[in-house]
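The values are calculated or read from the model by the stated rules, or taken from the named source; none is laboratory data. On a predicted model such as this, the values are computed, not experimentally measured, just so you know. Cβ: placed from backbone, ideal geometry, glycine included. Neighbour counts: every protein chain shown. In case anyone asks, the SASA skips ligands and DNA or RNA and just uses the protein heavy atoms, side chains included. Shrake-Rupley method; radii C 1.70, N 1.55, O 1.52, S 1.80 Å.
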Amino acid sequence: GRVGQLASAGPPPERAFFGTGPMTIPLGGKYEAGKEENASEVITREDLSNFEHLRKLLAGLKLDSGYEVIPPSGIVNLNRDNLVVVCGPRLSPIIAQILEGDDNLRFRKDRAWHLVDLKVGKEYRSPMDEDGSAADFGYLGRLPRLDGRGTFLYIAGIHAIGANGVVHFLENNLAQLYREVRTRRFSTLISCRYDPKTLDVLESRRVTPLYLHEG
């Protein structure tokens, strides 16, 4: 009887955090290493893992999902409903421009890519770049579409594994996160530790406030 109750129950309210229908998950693509001409567009092992984790999370919310590869040009159509974009600003100038509109958190590059909390002037540099530790930081936000007719969810790490940390955070904190931000625009930073052999995320936590971008 309990199984029947669960099967007939509707999706939990936090489903609205993602969308209302089948989800599209664009992943940043690169050319195959060492190939210049006629190279195939590939996505990283970490991003494929991200999609699998997101697919299972969304399935639990009764949402279907599929992925597409953003070409190395970085051109992606963001003016769609039910979108979760997993792609760093380094791979897409369009996304880089949208991220410039976040007055709280920002990707920056000097000797290495890093994240900055503009409100408190704090830098978050990847331990992978500093001392080789199996840890990274990622950005999670709901950002405005270019057409002004909605928003899309955005996930990116300083390195690819940082995005895995964000997905891990969503897997473990979605209900609480939804209670705090609902479907409003926001951004926050997530730290993660991972197993360097398997690339499985071991823990993730929020390291900045949930910055709301509108009232």
Open item on the list: Under the rule of at least 5 residues apart or a separate chain, name every residue whose amide H is placed under 5 Å from the amide H of Tyr124.
Closed with: Leu115, Val116, Asp117
Task: Convex hull volume of segment 17-212 per residue (C-alpha atoms, cubic angstrom) - done: 124 Å³
Task: Cut-off 13 Å between beta-carbons: net charge of the residues surrounding Val181, Lys and Arg +1, Asp and Glu -1 - done: +3
Open item on the list: Probe of 1.4 angstrom, ligands and nucleic acids ignored: what's the accessible area per residue over segment 17-212, in square angstrom?
Closed with: 48 Å²
Task: Förster radius 35 Å - calculated FRET efficiency between Ala134 and Asp110, Cβ distance, rounded to 0.05 - done: 0.90
Open item on the list: On C-alpha positions alone, give me the angle between the axis of helix 160-181 and the longest principal axis of the chain, in degrees, nearest 10.
Closed with: 40 degrees
Open item on the list: Can you order the peptides 189-201, 82-94 by their average number of other Cβ atoms within 10 Å per residue, highest first?
Closed with: 82-94, 189-201
Open item on the list: Taking 0.36 nm per residue of sequence separation and subtracting the Cα-Cα distance, how much length would be gained by fully extending the chain between Val207 and Asn172, in nm to one decimal?
Closed with: 11.1 nm
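Using a 1.4 Å probe on the protein chains only, how many percent of the accessible area of the chain belongs to carbon and sulfur?
47 percent
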Open item on the list: Nothing charged except the Cβ atoms of Lys and Arg (+1) and of Asp and Glu (-1): what's the magnitude of the dipole of the chain about its Cα centre? Round to the nearest 20 debye.
Closed with: 720 debye
Task: With 5 Å bins from 0: P(r) over segment 152-215, alpha-carbon pairs, percent - done: 4, 17, 27, 26, 14, 8, 3, 1, 0
